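Student: Sharing a structure here in structure tokens format.
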Amino acid sequence: MIYFIIIDNNKKIIEESIDKVLINYDIDYKIIDKNTKDYLTKDNFKIYILNEKELELAKTIRYELDDWQSIIIMIGNKIEKLIKERLFVLDYIDTNDNLKMNMERDIQIALKNYDKRPNKLKYTYKKTIYNIDYYKILYIEKEQENKRCLIKTKDNTYYIQSTLSNLMKQLDNRFIKCSKSHIINIEQVDYYDINKNLIVLKNQEIIYSISGSQKKKIQDKLRSQ
């Protein structure tokens with residue numbers, strides 16, 4: 001089940017776009033435009049279509065609920081202001097542009113993430129099976145004195161017997177190997193201080209000595225959020 005949560009005055013156009021795209025998919029979906037908060041914590045795949053005035057709701061979804069998996073599409077005419085917010089938004093649709101065409105395109109892109117994007121790191125360590133949500137991972141660090149890596153999440157620390165290179169093959173494109181000893185989740189970056197060459201994560205931990213070859217990639221990833 002997919003929940004489309006719409007908060008915008010162009011509800012009719014958006015609903016028509018959703019119906020037109022979803023007719024080609026064998027997917028159950030529900031369109032919601034009221035009592036939004038009742039659906040914020042549901043586990044179903046969610047696509048939020050929000051007016052730019054709902055910026056605080058978008059922040060709540062990302063930062064208070066720590067939901068970085070749901071898709072957010074924003075509509076308005078103050079696009080430059082919205083882009084400065086690091087909310088991992090799929091698209092910002094200008095109301096002066098072709099709303100119907102852009103909405104249909106964005107919904108098709110969003111659906112590519114439905115049940116297709118790997119969302120857990122699955123492995124066995126010391127006879128225990130682990131399934132760690134990707135979005136919860138802050139960083140992965142190679143320990144210096146042995147062959148294991150430390151996986152740091154917001155709430156816990158885990159260990160895995162692996163190299164960083166092998167782990168990168170299992171992870172998706174939200175992860176960057178930023179140095180010889182660290183992989184970071186770009187969605188968990190608060191900011192990147194280019195002058196000091198360090199990354200501050202959302203839990204305020206700091207990653208130092210960023211590889212020179214990765215600096216531009218990190219900047220580009222942060223700008224796209």
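The values are calculated or read from the model by the stated rules, or taken from the named source; none is laboratory data. Small disclaimer: the values here were computed from a predicted structure and weren't measured. Virtual Cβ from ideal backbone geometry, glycine too; neighbours counted across all protein chains shown.
Student: Report, ordered by the first and then the second residue, all pairs with beta carbons closer than 9 Å, sequence separation of six or more or different chains, a first member in the stretch 1-29 that is closer than 25 Å to ASP94 by Cα and free of Cβ contacts under 8 Å to residues at least 60 places away in the same chain, and a second member that is among the aromatic types (Phe, Trp, Tyr) and assigned to a helix (DSSP H, G or I).
Tutor: Note: pairs meeting the criteria are TYR3/TYR39; ILE5/TYR39.
Student: Hey, among the residues in the stretch 88-122 that are without any contact (Cβ under 8 Å) to a residue 40 or more places away in the chain and in contact with a Phe, Trp or Tyr (Cβ under 9 Å, 6 or more places away or on another chain), which one's farthest from PHE4 (Cα to Cα)?
Tutor: Out of the qualifying residues, it is LYS122.
Student: Are any residues in the stretch 129-141 assigned to a strand (DSSP E or B) and under 14 Å from THR157 (Cβ atoms), and if so, which ones?
Tutor: Once the filter is applied, which keeps residues that are assigned to a strand (DSSP E or B) and under 14 Å from THR157 (Cβ atoms), the stretch 129-141 yields TYR130, ILE132, ILE137, LEU138, TYR139, ILE140, GLU141.
Student: Of (1) buried (at least 18 other Cβ atoms within 10 Å of the Cβ); (2) of a type in the set (A, V, I, L, M, F, W, C); (3) at pLDDT below 85, ILE27 satisfies all except one. Which?
Tutor: Here ILE27 meets the rest and fails (1).
Student: Among the numbered criteria (1) over 20 Å from the mean Cα position of the chain (by Cα); (2) modelled with pLDDT under 85; (3) among the small types (Gly, Ala, Ser), which single criterion is violated by SER224?
Tutor: Of (1) over 20 Å from the mean Cα position of the chain (by Cα); (2) modelled with pLDDT under 85; (3) among the small types (Gly, Ala, Ser), only one is false for SER224: (1).
Student: Please go through the stretch 174-197 and give me each residue that is farther than 27 Å from ASP67 by Cβ, surrounded by 14 or more Cβ atoms within 10 Å (Cβ to Cβ) and either in contact (Cβ under 8 Å) with a residue 40 or more places away in the chain or among the hydrophobic types (A, V, I, L, M, F, W, C) (or both), ordered by number.
Tutor: Within the stretch 174-197, SER181 is the sole residue that qualifies.
Student: Then there's this: Exactly one condition in (1) at pLDDT 80 or above; (2) under 25 Å from GLN188 (Cα atoms) is false for ASP94; which is it?
Tutor: Of everything listed in (1) at pLDDT 80 or above; (2) under 25 Å from GLN188 (Cα atoms), ASP94 misses just condition (2).
Student: Sticking with this structure for a sec: Please go through the stretch 132-173 and give me each residue that is of a type in the set (D, E, K, R) and either loosely packed, with under 13 Cβ neighbours inside 10 Å or under 19 Å from the mean Cα position of the chain (by Cα) (or both), ordered by number.
Tutor: If the condition is that a residue be of a type in the set (D, E, K, R) and either loosely packed, with under 13 Cβ neighbours inside 10 Å or under 19 Å from the mean Cα position of the chain (by Cα) (or both), then ASP133, LYS136, GLU143, GLU145, LYS147, LYS152, LYS154, ASP155, LYS169, ASP172 are the ones that fit.
Student: Taking the stretch 16-26, which residues are touching a Phe, Trp or Tyr at 6+ places or on another chain (Cβ under 8 Å) and either within 22 Å of GLU54 (Cβ to Cβ) or not assigned by TED's automatic domain parsing to the domain that holds ASN44 (or both)?
Tutor: Residue satisfying the conditions is ILE18 alone.
Student: Tell me, yes or no, whether the stretch 124-142 has at least one residue that is charged (D, E, K, R), outside the structural domain of ILE47 (by TED's automatic domain parsing) and touching a Leu at 6+ places or on another chain (Cβ under 6 Å).
Tutor: Yes, that holds for at least one residue.
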